[in-house]
1. Check whether at least one residue in the stretch B:47-62 is closer than 29 Å to residue B:215 by Cα, more than 9 Å from chain A (Cβ to nearest Cβ), part of a loop (DSSP other than H, G, I, E, B) and at pLDDT below 95, and report yes or no.
2. Does residue B:146 meet the test of being within 12 Å of chain A (Cβ to nearest Cβ), modelled with pLDDT under 95 and under 22 Å from residue B:256 (Cβ atoms)?
3. Taking the options B:164, B:174, B:203, name whichever one is in contact with a strand residue (DSSP E or B) (Cβ under 8 Å, 6 or more places away or on another chain), more than 30 Å from residue B:42 (Cα to Cα) and more than 14 Å from chain A (Cβ to nearest Cβ).
4. Tell me yes or no: at least one residue of the stretch A:18-27 is part of a helix (DSSP H, G or I), within 14 Å of another protein chain (Cβ to nearest Cβ), at pLDDT 85 or above and at negative phi.
5. Go over the candidates B:211, B:203 one by one and state the one that is under 18 Å from the mean Cα position of the chain (by Cα) and closer than 25 Å to residue A:8 by Cα.
6. Among the numbered criteria (1) surrounded by 17 or more Cβ atoms within 10 Å (Cβ to Cβ); (2) more than 9 Å from chain A (Cβ to nearest Cβ); (3) modelled with pLDDT of 95 or more; (4) within 28 Å of residue A:17 (Cα to Cα), which single criterion is violated by residue B:134?
7. How do the strands (runs of 3 or more DSSP E) wholly within the stretch B:157-268 filter down when requiring 2 or more residues that are surrounded by 15 or more Cβ atoms within 10 Å (Cβ to Cβ) and either free of Cβ contacts under 8 Å to residues at least 60 places away in the same chain or out of contact with any helix residue (DSSP H, G or I) (no Cβ under 8 Å at 6 or more places or on another chain) (or both): which remain?
């Protein structure tokens, strides 16, 4: 958490500048990337994982998704989840991601986590993420049950 | 670790675009429940303008052109920004922090009393008893065109450790890595100093509209994970110590060539 006054910048000059980002490089997975991926948990159903024939994948971050929130979440709480999911998507682990989406218990998770899951996987929801639409439906129902404005929170996802 | 000391200077072509100090404290529900009109009354003479901001949980997904801002999440707390007429100074209050931001920083002797005014108001009006995090952040933006160094490469202006792999000339068949081939460079390092932590973020920045290139040196001095008494004298001493490190960090990040181009003027310490 950097020192701020609640926003990115007050300086008009500073607002015009941003760290340079590499533009639209393909998300190709190299052998070096594979060496960085470590199996650190188990998927939550009994399906035999394709990790038998492919490099294993770290899903330790998924525990955070299911932790009941005892306080308002901060970006730092969510970033590991987004990073973990993004790594899996970059490595084409769509089946595994789909199983994770299936195993989400919406009644336990913090709304920020649920939204992060949906938004991170949104660009590839038409890949074989068979459970994405159901998760969206379940999250909308759960937000409603918690008296939150699901239409606004989930804007752009439908 | 103690930092190497340099002569205290003030730059004529000051690269500091923003300085912000913030003291965080356990949430004060009173500030959430009631408009901070008493706080405004104390500050109104110097900070008559008011802007409010809903502090939201914003998440950037992806990067580059594909990045998505997930910013339509549930609203959190309101931040009240009390702003000076010239918009160079701003005191911000929320239920979790008070902060001072300056966009035309000249000297600590101007900045510190303004921060103390905000802290005194919080202490008096809301009986804040403890603080949890304190930080003082200096954001330097170096634009070569603005200081007559348009054609001078970064490697002649910045300390080599900032440039890292982007000047790893042994990688290339040529004599050196062309600057134009460095697409992006950004790093963050946190270092434990004698009295605080330094979070140093630095790298190449670009102007969104034009793609012009600059270099950011963003030094954040802080103490966090604290439950310390909200003692104004002690807080002042902490901020003074943070400030004492700032010049040394910036000077250590640049080479003599850039130092000279910025127009250093000696100041008494």
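1. no
2. Yes.
3. The unique qualifying residue is B:164.
4. Pass one, the stretch A:18-27, residues part of a helix (DSSP H, G or I): none.
Checking the stretch A:18-27: not a single residue is part of a helix (DSSP H, G or I), within 14 Å of another protein chain (Cβ to nearest Cβ), at pLDDT 85 or above and at negative phi.
5. Numbers: B:211 fails: under 18 Å from the mean Cα position of the chain (by Cα).
One residue alone meets the criteria, B:203.
6. (2)
7. Ranges flagged: B:197-207, B:213-223.
The rows are residues; the columns are (1) within 14 Å of chain A (Cβ to nearest Cβ); (2) within 20 Å of the chain's Cα centre (by Cα).
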{"position": "B:183", "(1), (2)": "yes, no"}
{"position": "B:223", "(1), (2)": "yes, yes"}
{"position": "B:252", "(1), (2)": "no, yes"}
{"position": "B:264", "(1), (2)": "no, no"}
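The values are calculated or read from the model by the stated rules, or taken from the named source; none is laboratory data. This is a predicted model, so every value here is computed, not measured. Cβ: placed from backbone, ideal geometry, glycine included. Neighbour counts: every protein chain shown.
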